[in-house]
Amino acid sequence: MTYCLGIMTCSGLIMATDSRTNAGVDYVSTAQKLFDLSKPGERALLVCTAGNLSMTQNVLTLIQQETKAEIAGNLNELTSLYDIVSYFGEKTRQVLEKNEKWLQKDNISATCTFLIGGQMKQEFPELYMVYSQGNFLRATRETPYLQIGETKYGKPILDRTIAYEDTSLDAAAKCALLSFDSTMKSNISVGPPIHMVMYEANSFKIKHRLKLKRGDPYLLKLRKSWEASLKQAFRKLPDLSWQGGDEQDQVNPLAITDILP
């Protein structure tokens, strides 16, 4: 399992991934899941991958080969992020059609997913999720983040914190790391190093990168501070007001005859 996250605000994008590919008592492996396909001054393009590692690597390799060979319609010829996302979808279908039946023979899932975020000239920053079937979903002002992989543990903090208009990139970055911390706390299949990139809107260049390894002082400080804040907030919650009343108003106890055959 893995966890990848993209956050879109009016100020730009945050893209982050863990590096875990397998986890067990005696076997843990990691792999790169965040890729920078930008052309400084022309486009910002960040890609996060999840799912079958061989499938995502095949898709990226195919795209790189077509770009290097300058095949018509390759990545460098596309002029909108929508076209780039559609291109990724086409290549994903192409790789899936070639490999899926062979993987199915050994009951191996061919599912793979991509998060694609960036900005092209004359466009606003955008964020998309591409599925194995080649179709895709776009983040909106109302839903300004997208997740792939082990999403459930890190979602609540995003729902309560991220707002397209009001969240700064620095705040979005901290929120992203809290989302990862919550996920790693509850699921061993997600783990560091965490790779994160910040893209500032209209800069068309990736200036801010971060790699946080296991035991990183900032990660530890963030976890301790967040846990202390949660405990303090919990202690300040209003007490319950238990209902009293006469005997007839109370819940009737379960009689032994109600459970015996």
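The values are calculated or read from the model by the stated rules, or taken from the named source; none is laboratory data. Everything numeric here is computed off the predicted structure, so don't read it as measured data. With ideal geometry, Cβ positions are generated from the backbone for all residues, glycine too; neighbour counts draw on all protein chains shown.
A compact table of results
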| quantity | calculated |
| --- | --- |
| Scope the stretch 130-161; condition polar (S, T, N, Q) and farther than 22 Å from Asp83 by Cα; matching residues | Thr151, Thr161 |
| Single residue of Gln57, Gln65 found to be farther than 29 Å from Gln122 by Cα and surrounded by fewer than 16 Cβ atoms within 10 Å (Cβ to Cβ) | Gln57 |
| Test: residue in the stretch 86-93 that is under 25 Å from Ala163 (Cα atoms) and surrounded by 14 or more Cβ atoms within 10 Å (Cβ to Cβ) | no |
| Flag for Leu219 being in a helix (DSSP H, G or I), modelled with pLDDT under 95 and touching a strand residue (DSSP E or B) at 6+ places or on another chain (Cβ under 8 Å) | yes |
| Extreme residue, farthest from Asp18 (Cα to Cα), among residues of the stretch 129-163 that are surrounded by 23 or more Cβ atoms within 10 Å (Cβ to Cβ) and not hydrophobic (A, V, I, L, M, F, W, C) | Tyr145 |
| So Ala171, is it of a type in the set (Gly, Ala, Ser), farther than 19 Å from Asp18 by Cβ and in contact (Cβ under 8 Å) with a residue 12 or more places away in the chain | no |
| Among (1) touching a Pro at 6+ places or on another chain (Cβ under 7 Å); (2) part of a loop (DSSP other than H, G, I, E, B); (3) charged (D, E, K, R), the one test that Asp166 misses | (1) |
| Leu178 being aliphatic (A, V, I, L, M), at pLDDT below 95 and over 20 Å from Cys48 (Cα atoms) | no |
| Among (1) touching a residue at least 24 places away in the same chain (Cβ under 8 Å); (2) assigned to a helix (DSSP H, G or I); (3) of a type in the set (D, E, K, R) - the single one Lys224 does not satisfy | (1) |
| Number of the exception - Ala110 against (1) under 19 Å from Leu75 (Cβ atoms); (2) crowded, with 17+ Cβ neighbours inside 10 Å; (3) not β-branched (Val, Ile, Thr) | (1) |
| Conditions (1) under 21 Å from the mean Cα position of the chain (by Cα); (2) acidic (Asp, Glu); (3) at pLDDT 95 or above; number of the one not met by Glu150 | (3) |
| Asp258 being surrounded by fewer than 11 Cβ atoms within 10 Å (Cβ to Cβ) and either within 30 Å of Pro40 (Cβ to Cβ) or at pLDDT 85 or above (or both) | no |
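Conditions tested, residue by residue: (1) under 16 Å from the mean Cα position of the chain (by Cα); (2) charged (D, E, K, R); (3) modelled with pLDDT of 90 or more.
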site	(1), (2), (3)
Cys10	no, no, yes
Thr21	yes, no, no
Leu34	yes, no, yes
Glu42	no, yes, yes
Leu62	no, no, yes
Glu66	no, yes, yes
Glu77	no, yes, yes
Ile84	no, no, yes
Glu100	no, yes, no
